[in-house]
Amino acid sequence: MSGSTWRNPLFIWGAKGAAEELPSNPHSSHQDIWRKTRESKTKLLPVGRLRYYYKWPGHGSRTWRRLRYWPTRRRVLHIRGEYNPKILRREKTIVDKRPIWWVLGLLALAAAPLFTPLDLQNTAMTAGATFGIYAAINLCWMLVIGTASIYSLATYAIVGTAAFCTAWLSIKLGLPWWMLPPIGAAVGLIFGTIIALPATRLDGFYYALLTLGLNELCRVYFLTSKEFGSATGGLYGADTYVPQGASQLGQLLIGYYACFALMLLALLLYRLVNGRRLGRILRMAPEKREAFAEATGVNFRQARIRVFIISSVALGFIGGFYTANFRGVAFSIFSFETVLLGLAMLVIGGIGRAEGAVVGTLVVVFFDKVLISLGPIRLIIIGAIMLGVVLYLRNGLFGIKAQFRAWRDKKKSERRSTRAEKGGEMLPEEATEAHDKDTVYWRRYDKMQRDYLKTLVTPEVIEEHRSSPLGQHSEPLERLLLYFRRQPQVDKYAITVVEPFKAYRIVALSGHRGVAPRVVEDKVYASTAEAYHGVFLRRVQDLLES
Amino acid sequence: MDVWFVVSNAIVLASIYGTLAIGISITWSSLGLVNLSYGFVFAFAGYGAWLVAQHVSPWGPAVLVAGILAGALAGTIVCALAFIPIHDKPNFTVRGLIATLAINLIGTQSLLWWFGPRSKSLPEIFGNWKVHLGGIVLTADKIGNVLTSIIMLVAVLKWMQSSRRGLEIRAMMMNPHAASIVGIGVRRTGFYVMAITGGLAGLASVLLSQTYYIAPFGGLTPMIKGVSIALCGGLGSVRGAVIAAILLGLNEALTTVLIGGRYVLITQFLFIIAILLIRPRGIAGILDRAREA
Amino acid sequence: MSTKREVLNVRGLSAGYGPMRVIHDLDLIVNSGERVGLVGLNGHGKSTLFYAIAGLTGWQRGSIMLNGIEVGRTRSQGPGRYTHQIVHTGLALIPQGDEIFHGLTVEEHLDSGAFTARAWRERAQRKERILQIFPPLKKLMRIPVGRLSGGERRMVSIGRGLMAEASLFLVDEPSLGLAPKIGKGVIDALMGVDLGSSAMIIAEQNVSLLEGRVDRIIGMHVGKLKGEASAALMLQTNRTA
């Protein structure tokens, strides 16, 4: 601060009261504060924030001759055509690529038997058959947990009961294999209706605990009843669709493709329930917001029970198929471990999505059946994956995208709210309410000015003003004075004459016509120069306090 | 068919399962976590007691204490893995449930892998004496079981009423937001709660292993029974759990006498479903009428 | 005359919930022995300021020094994660609309407020002191707080806050929802508390209850502190305005 001086240019002409040199502030540019306030302090991502779609060439406006699911008019792929003014051509985008992923995935699964190494063929194909059945079970389970939001853990109880009943009937009455799934479906219907009753009354996971107990009940009942093969660990000897005369490889292949077909049927059922009316009704009534659905008159409770019963029928069907596939059923289907593994399959994939059920089943069955040589460690690995998914991912593997987007949106909004203070005086809420939007900008500009002017106020400048309130001033003082003189009339300091040439007092103008100025202080100044300086000091103090 | 034999059996079982049920109730109401990893805690405590019996001393109380401590240790492990990381994240209830199930899976499988599938047995804790009361013969382990579980339960409940940590736990049960304002750390109290309920489960495990052997999956049935009792009694209330334990124990005894042991579970679940249909929140819904939301 | 030292030093505090920013770059200094009144309309951030000091807002940013210890962290989620640590460095927050434990008795409430080891040991004497400040509680010691009336609950809540030796008392709207006479009684009790080397910030909508009885009154408008008035200047302004 020391060392800067200001030379009064009027000194040369001998103006009265002009000192040759006065100490002053070093020069600080007013552009600095402008630049500092206006720059963006946020970290911008190098990648754009818009979604990225690949653009295919083509017209894309063939709205009549499209690939459709015969006999409906539903499109296979959602393709949108737009005109791009930059390349002067039309182009197509595939808006929803999920059908493509599904088709590729299912084709891969269908062609999988061709790519298994020969030594693993037996394990891999039986594992594949198990995968198909479990995937079907999990899809129905996903309908109950995801769509209907009923946390039921009794799925395997239904499947097991249907399996045991059909096995018993097949052994006792010699029923052929094609009668087993429908009978299983009937068993599933009865069982499902019975356990749907508590589902109406109990909340979320209270019902889960109840069904856990039901599972245990079934296990103990079947375990201790001689008729259901307590001596042999299960029932064996039911009729199967796999022709016994075919070769080993042929049997495995038929089993695999039959289970694959079962999984496709389950996918179809999932689509029919979830994608159509029942699913839409239930999407209106998610877990904690049922009051909204109730207020609009939607009978979501009935929809939930309907989904539950449809799912139970399907599970019974799968139970019958299970018997037909494996020629019997063991008690291990009721064990807690099976339920845990099934839950692991759902959770790893992500609750609420069909692809989650399929991929989760794939992961768990791979570890459980293919890596069976690892012993109990494989289940530890599955448990560890399940724990990791539950701790870190909000909704399983297929929820990663949504979780990442939600996190990114949160960070964006936090940064946006810190950016709101661009040195402005107005908060976003105030700014939206302001009638004249120009005041928002004016206030911001005013704030910047005041910040700059605060840096100009120094003892040297005040001393300079005291020595000559009127006349040529240095730049910092001149800026201050011009700012003060520009202020609106409301509450502006002025000097009132008490006695001409002898006594002056500082008052504050009211700014309104007809209202007298108010006295600011009692002090009486003896000359105009002192009065000017007094006014200057008050204005400087107000500036510093604002 | 010795009626009193059956009844006394039922009382013993009810008191042991009631311990588990109270643990589940306390955990739910103070932490908001449904702890389904008791299968693991049970087996862990059993194996801990067995190790102490093998390598340190087969003296009864030592084995008991070892079981309780091992249970508490398992409880703190579960807390560290399933409660601490996600207790303030969204969807905590379901995620916590699944996390405890995952820990159950990992834990029981590790125990299976480490100790092998053959079951182990514990030495007799209470000795071999008998008491003749009227026409009934009460063996030492029955009396010991009932007395020990009742004494432990009463001790724990009294501790919760009178001590500082107990006050913190109860405060957190009622209003976690205000508890943190008053300086009660959620995570530290969570460890206390899980350690205590783990200890209770360990006690139940050691007591039960007088009748059943210690196996890696031996904890599943008691856990499911305990969960059903807690559910029937109302998940947040200790009194409800006690009442439900007594009722279900009586139910079990009556069914075994009248219909046959196979149908015990069926009648139990019919009873539970009936209660839940009348009172969707369990028996304790009747008891706490004076409480405001 | 104890030396004046800073109990609370807030610099550049911004806090909010989600995308909404309630407090904008706030600075505040409170010295020991001071009683400060914080006035402002509802929704302008008084409670949020208290919650930000205690670490209970959705997110916050800025430096908060309590007794020279930095308790303000820049965090974007997890409200309440560090609150008990902050409370243990000497903060007593008496929140708006008492957060009570509705099953605990009055005596247990007061016990739960004594969170330091020393306060726990001396809790009998402290309870005596609180009962002297709030005599109506003497008869209600064994009753569960859920059954008390609004004024009694407020007394329990404030008593709980006074139990520990806090260096900073944040009292949020003590007269909210109370009948005027009871509200005045509560404020009288607060003014009667001997601060020693602690400080107290009282947030109120009703300025008249605090006039002349606090050392400073600060206004809060839309998340920023505007205008400070010492007691003397307040009286003068009241005369001229």
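The values are calculated or read from the model by the stated rules, or taken from the named source; none is laboratory data. Quick caveat: nothing in here was measured; it's all calculated off a predicted structure. Note that we place each Cβ from the backbone using ideal geometry, even for glycine, and neighbour counts take in every protein chain shown.
Of the residues making up the stretch B:56-71, those that are surrounded by fewer than 23 Cβ atoms within 10 Å (Cβ to Cβ) and small (G, A, S) number 4.
From the list B:R239, B:R188, the lone residue that is within 14 Å of chain C (Cβ to nearest Cβ), over 18 Å from the mean Cα position of the chain (by Cα), surrounded by fewer than 24 Cβ atoms within 10 Å (Cβ to Cβ) and farther than 22 Å from B:L265 by Cα is B:R188.
Taking the criterion of being away from chain A (no Cβ under 14 Å), of a type in the set (S, T, Y), surrounded by fewer than 23 Cβ atoms within 10 Å (Cβ to Cβ) and part of a strand (DSSP E or B), would at least one residue in the stretch C:26-38 satisfy it? No, there is no match, as no residue in the stretch C:26-38 is away from chain A (no Cβ under 14 Å), of a type in the set (S, T, Y), surrounded by fewer than 23 Cβ atoms within 10 Å (Cβ to Cβ) and part of a strand (DSSP E or B). Annotation: of all residues in the stretch C:6-21 being surrounded by fewer than 23 Cβ atoms within 10 Å (Cβ to Cβ) and touching a residue at least 60 places away in the same chain (Cβ under 8 Å), the one that is nearest to C:D188 (Cα to Cα) is C:E6.
Counting residues that are among the polar types (S, T, N, Q), which helices (runs of 4 or more DSSP H) fully inside the stretch B:75-187 reach at least 2?
Values: elements: B:92-115, B:140-162, B:164-174, B:176-181.
Of the helices (runs of 4 or more DSSP H) lying wholly inside the stretch B:75-187, those with at least 2 residues that are among the polar types (S, T, N, Q) span B:92-115, B:140-162.
Total residues in the stretch A:355-406 satisfying the condition of being closer than 21 Å to A:G128 by Cα and not in a helix (DSSP H, G or I): the figure is 2.
Any residue in the stretch A:228-244 that is within 14 Å of chain B (Cβ to nearest Cβ) and either farther than 30 Å from B:L33 by Cβ or surrounded by 16 or more Cβ atoms within 10 Å (Cβ to Cβ) (or both)? First the steps, then the outcome.
Our first condition is that a residue be within 14 Å of chain B (Cβ to nearest Cβ); within the stretch A:228-244, this holds for A:228, A:230.
From what is left, the residues that are either farther than 30 Å from B:L33 by Cβ or surrounded by 16 or more Cβ atoms within 10 Å (Cβ to Cβ) (or both) are A:228, A:230.
Within the stretch A:228-244, one or more residues are within 14 Å of chain B (Cβ to nearest Cβ) and either farther than 30 Å from B:L33 by Cβ or surrounded by 16 or more Cβ atoms within 10 Å (Cβ to Cβ) (or both).
Between C:L176, C:L162, C:L137, which is closer than 25 Å to C:G55 by Cα, more than 14 Å from chain B (Cβ to nearest Cβ) and not charged (D, E, K, R)? It is C:L176. In the stretch A:199-220, the residue that is surrounded by the fewest Cβ atoms within 10 Å (Cβ to Cβ) out of those that are within 7 Å of chain B (Cβ to nearest Cβ) and over 35 Å from the mean Cα position of the chain (by Cα) is A:V220. Yes or no: the stretch A:521-536 includes at least one residue that is touching a helix residue (DSSP H, G or I) at 6+ places or on another chain (Cβ under 8 Å) and either in a loop (DSSP other than H, G, I, E, B) or surrounded by fewer than 16 Cβ atoms within 10 Å (Cβ to Cβ) (or both). The answer is yes; a qualifying residue exists. Condition (residue is aliphatic (A, V, I, L, M) and either farther than 30 Å from A:K97 by Cα or at pLDDT 80 or above (or both)) applied to the stretch A:37-54: is it met by at least one residue? The answer is no; no qualifying residue exists.
Counting only residues that are under 14 Å from the mean Cα position of the chain (by Cα) and β-branched (V, I, T), the stretch B:67-89 holds 1 of them.
Right, A:F321: buried (at least 24 other Cβ atoms within 10 Å of the Cβ), in contact with a Pro (Cβ under 6 Å, 6 or more places away or on another chain) and in contact (Cβ under 8 Å) with a residue 12 or more places away in the chain or not? Walk me through it before giving the result.
Working: buried (at least 24 other Cβ atoms within 10 Å of the Cβ): yes; in contact with a Pro (Cβ under 6 Å, 6 or more places away or on another chain): yes; in contact (Cβ under 8 Å) with a residue 12 or more places away in the chain: yes.
Answer is yes for this residue.
Looking across the stretch C:1-25 at every residue that is in contact with a helix residue (DSSP H, G or I) (Cβ under 9 Å, 6 or more places away or on another chain) and away from chain A (no Cβ under 14 Å), the one that is farthest from C:V87 (Cα to Cα) is identified as C:V10.
Taking the criterion of being within 11 Å of another protein chain (Cβ to nearest Cβ), out of contact with any helix residue (DSSP H, G or I) (no Cβ under 8 Å at 6 or more places or on another chain) and not hydrophobic (A, V, I, L, M, F, W, C), the residues of the stretch C:47-61 that qualify are C:Y51, C:G58.
If you take the residues in the stretch C:68-124 that are hydroxyl-bearing (S, T, Y) and assigned to a loop (DSSP other than H, G, I, E, B), which one is surrounded by the most Cβ atoms within 10 Å (Cβ to Cβ)?
In the first step, residues of the stretch C:68-124 are kept if they are hydroxyl-bearing (S, T, Y); the result is C:74, C:76, C:82-83, C:89, C:105, C:112, C:116.
Filter once more, keeping what is assigned to a loop (DSSP other than H, G, I, E, B): C:74, C:76, C:82, C:89, C:116.
Working: C:T74: 10, C:S76: 11, C:Y82: 18, C:T89: 16, C:T116: 16.
Top of the filtered list is C:Y82.
Give the residues of the stretch B:75-106 that are closer than 16 Å to B:A45 by Cα, more than 7 Å from chain A (Cβ to nearest Cβ) and surrounded by fewer than 24 Cβ atoms within 10 Å (Cβ to Cβ), sorted by residue number. Within the stretch B:75-106, B:T76, B:I77 meet the criteria.
The residue that is farthest from the chain's Cα centre (by Cα), counting only those in the stretch A:472-507 that are part of a strand (DSSP E or B) and surrounded by fewer than 17 Cβ atoms within 10 Å (Cβ to Cβ), is A:E499.
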